[in-house]
Amino acid sequence: MKVAIVTGASSGIGRSAAVQIAKRGTGVILTYGNNRQGGLETAAAIEKDGGTAVALPLDVGEAGTFAAFRDTVAGVLRDTWQRDTFDYLVNNAGFAQTSLIQDTCPWWPTAGPSSTRAATRQRQPAWSPATRSTGR
Ligand SMILES: NC(=O)c1ccc[n+]([C@@H]2O[C@H](COP(=O)([O-])OP(=O)(O)OC[C@H]3O[C@@H](n4cnc5c(N)ncnc54)[C@H](OP(=O)(O)O)[C@@H]3O)[C@@H](O)[C@H]2O)c1
């Protein structure tokens, strides 16, 4: 049996990906962050349909935990699927934030459309190919 790792599978896209991958006959190691219950529910949904899933905690913002996570994954692969590799990674865990352009872009004009155009013209030289590579 092939095995996939799906990060951030306690809800949303990751949960859906984990369930759909399992329905196609692939074993799933799925991870959750704060929502342990959600991770367990995803694993239960997979097992209810006859699939195999193991839910593990993983904070993708804490690189210091990655070595221990790798060791845990190696143990799960060995104990559950009698193998030491996996086949697919769905690197999904994360979150989105939205904000207004003027809150993230220091030079964005706060006045109306004509000043927007003026400011855009003013900025164009800074986006020429010669300066693009420097990020200025
Ligand atoms: N939905 C959209 O329209 C959209 C658009 C563009 C990109 N995306 C990206 O697609 C991915 C999934 O989005 P979604 O809508 O399905 O969001 P979601 O339902 O909020 O699911 C996010 C998943 O990522 C996990 N997660 C978040 N931060 C984490 C961290 N630091 N460490 C470990 N796990 C973490 C969450 O785990 P816990 O809840 O267990 O903490 C959850 O399982 C995200 O990366 C998002 O940025 C989504």
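The values are calculated or read from the model by the stated rules, or taken from the named source; none is laboratory data. All values reported here derive from a predicted model rather than from experimental measurement. Note: ideal-geometry Cβ built from the backbone for every residue, glycine included; neighbour counts use all protein chains shown.
Scan the range 93-118 and report the pairs whose first residue is within 30 Å of Glu62 (Cβ to Cβ) and among the aliphatic types (A, V, I, L, M) and whose second residue is at pLDDT 80 or above and within 14 Å of the ligand (Cβ to nearest atom), with Cβ atoms within less than 7 Å and a gap of 6+ or a chain change.
That search, which allows pairs on different chains as well, returns Ala93/Thr7; Ala93/Gly8; Ala93/Gly14; Ala93/Thr31; Ala93/Gly33; Ala93/Val60.
Of all the residues that make up the range 36-53, how many are of a type in the set (S, T, N, Q), touching a helix residue (DSSP H, G or I) at 6+ places or on another chain (Cβ under 8 Å) and without any contact (Cβ under 8 Å) to a residue 40 or more places away in the chain?
1
What pairs can you find where one residue is in the range 6-22 and within 7 Å of the ligand (Cβ to nearest atom), the other is of a type in the set (D, E, K, R), and their Cβ atoms are less than 7 Å apart, with a gap of 6+ or different chains?
Close Cβ pairs (under 7 Å, with a partner that is of a type in the set (D, E, K, R)) amount to Ala9/Arg15.
Filter the range 1-33 down to the residues that are surrounded by fewer than 13 Cβ atoms within 10 Å (Cβ to Cβ) and touching a Ser or Thr at 6+ places or on another chain (Cβ under 8 Å) and list them by number.
Met1
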